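Comments concern the structure below.
The values are calculated or read from the model by the stated rules, or taken from the named source; none is laboratory data. What you see is a predicted model; the values in this text were computed from it and never measured. FYI the Cβ positions are ideal-geometry reconstructions off the backbone, even for glycines, and counts take in every protein chain you see. To get the accessible areas, we keep the full protein, side chains included, count just its heavy atoms, and leave off ligands, DNA and RNA. Shrake-Rupley method; radii C 1.70, N 1.55, O 1.52, S 1.80 Å.
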Amino acid sequence: MNMTLRRGFLVTLAALLFFVGIGSTLPKASAASGFYVNGTKLYDSTGKPFVMRGVNHAHSWYKNDLYTAIPAIARTGANTVRIVLSNGSQYTKDDLNSVKNIISLVSQFKMVAVLEVHDATGKDDTASLDNAVNYWISIKDALIGKEDRVIVNIANEWYGSWNGSGWANGYKAAIPKLRNAGIKNTLMVDCAGWGQYPQSIVDYGTSVFAADTLKNTIFSIHMYEYAGKDAATVKANMENVLAKGLVLIIGEFGGYHQGADVDETAIMKYGQEKGVGWLAWSWYGNSSDLSYLDLATGPAGSLTSWGNTVVNGANGIKLTSVKAGIY
């Protein structure tokens, strides 16, 4: 080896050894400041795929039960809890400090908080959606810096009509407004038709996703008597969204609804097979005509038959829930 080649070799070797030496101090390429989307999977801030397994809690109607219900929900092994909030237009508003408290408590019990505004449920007018967006912006101090543990479900079941284009146009305006306000959390969008028209995601979901400058939006189907009526429907609805390259979760589901059966076994089974998250409705407090949807007999009550299925059943929370990497 001549002197010039030898000198070049030594310089290269020294540089290589230097980078090997500091490699352990470099940040992991997979680490992020919060949840993020890659293809059909949601990843947590440690770079682990995250599949939601949990329940809904109707906080806004039972505000005084927060410190009883959240620990009880955590005992099921849930990795996520979806929290009903109000912007004040229909129900009693949950203000900035109360949302901060909710996030702190949910984090203390090592769960991820999916926060949703319930006041726009079933409405088609863009003003209702915009009110939800303005609410998130007004409490953004609770959200910023919590991107690794808080997901923002923009508006529960906004767009009652079974129409995809109007639904998409609403969200294509809502999402940029949230991003321009500095909200970087993963966003969740319920499909049209009171959350039961998944064709809206199939037809327009990619354009809604494209409206997000951070490309960090996931989609939700609420599986009741239409979207979750039988195994074939459940499987097709999941596969059709995933085939579009989008992240899907089942934001709500029951075992029975409005006089019709729902195939909860299929929802949980295919959810596990396909890596689709799900959040059962709801911990407790449904009206008497919907009491069959109560998972527990009270904020810290015993599990009902429905609750036992969700928590202890095949593909239930106990067997399939994995905590986020930050915990």
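Structure summary
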| quantity | calculated |
| --- | --- |
| Size of charge dipole - the chain - debye, nearest 20, with Cβ of Lys, Arg +1 and Asp, Glu -1, no other charges | 1700 |
| Residue-count net charge about Leu303 - beta-carbon cut-off 13 Å; Lys, Arg +1, Asp, Glu -1 | +1 |
| For segment 207-327: accessible area per residue (Å², 1.4 Å) | 38 |
| Neighbour cut-off at most 15 other Cβ (10 Å), DSSP loop, trypsin sites (Lys or Arg not before Pro), segment 201-308 | Lys215 |
| Helix 264-274 vs. the chain, principal-axis angle (Cα, 0 to 90°, nearest 10) | 10 |
| Accessible-area composition of segment 120-178, carbon plus sulfur, in percent [1.4 Å probe] | 46 |
| Beta bridges per DSSP with both ends in segment 167-290, % antiparallel, nearest 5 | 20 |
| On Cα atoms only, tilt of 3-22 relative to the major axis of the chain in degrees | 30 |
| Tilt relative to the chain, helix 126-138 - C-alpha long axis, 0 to 90 degrees, to 10 | 50 |
| Amide proton proximity set for Arg82, modelled H, under 5 Å, gap of 5+ | Val55, Asn56, His57, Val114 |
| Helix-only [θ]222 nm of the chain, DSSP H runs n ≥ 4, -39500 (n - 2.57) each, per residue, nearest 500 | -11500 deg cm²/dmol |
| Surface/4 estimate of mean projected area, convex hull on alpha-carbon atoms of the chain, nm² | 19.6 |
| Segment 277-316 and segment 116-141: distance between their alpha carbon centers, rounded to Å | 27 |
| Gain upon complete extension [Tyr292, Asn64; 0.36 nm per residue less C-alpha separation] | 79.8 nm |
| Under 10 Å, Cβ to Cβ, from Leu178 - net charge with Lys/Arg +1 and Asp/Glu -1 | +3 |
| Segment 106-163 - accessible surface per residue (Å², probe 1.4 Å) | 32 |
| Alpha-carbon centroids, segment 147-170 and segment 197-227: separation in whole Å | 8 |
| Lysine pair count for segment 77-173 [Cα-Cα under 17 Å; pairs on different chains or 8 or more apart] | 6 |
| Ellipsoid semi-axes in whole angstrom, largest first, where each is sqrt(5λ) of the Cα gyration tensor of segment 239-287 | 23, 12, 10 |
| Sequence-distant residues sharing a close amide H with Tyr256 (under 5 Å, placed H) | Val262 |
| Furthest towards positive pole of dipole, Asn101, Val322, Ser138, structure part the chain, Cβ charges | Val322 |
| In Hz, Karplus ³J(HN,Hα) per residue of segment 276-293 (6.51, -1.76, 1.60; θ = phi - 60°; x = Gly, Pro) | 9, x, 8, 9, 6, 9, 9, 3, 5, x, 5, 4, 4, 6, 10, 4, 5, 8 |
| Relative contact order %, the chain, counting alpha carbon pairs below 8 Å whose residues are six or more apart | 19 |
| For Asp148, residues with placed amide H under 5 Å, excluding near neighbours | Phe35 |
| P(r), alpha carbons of segment 230-327 - 10 Å bins starting at zero, rounded % | 15, 45, 32, 8, 0 |
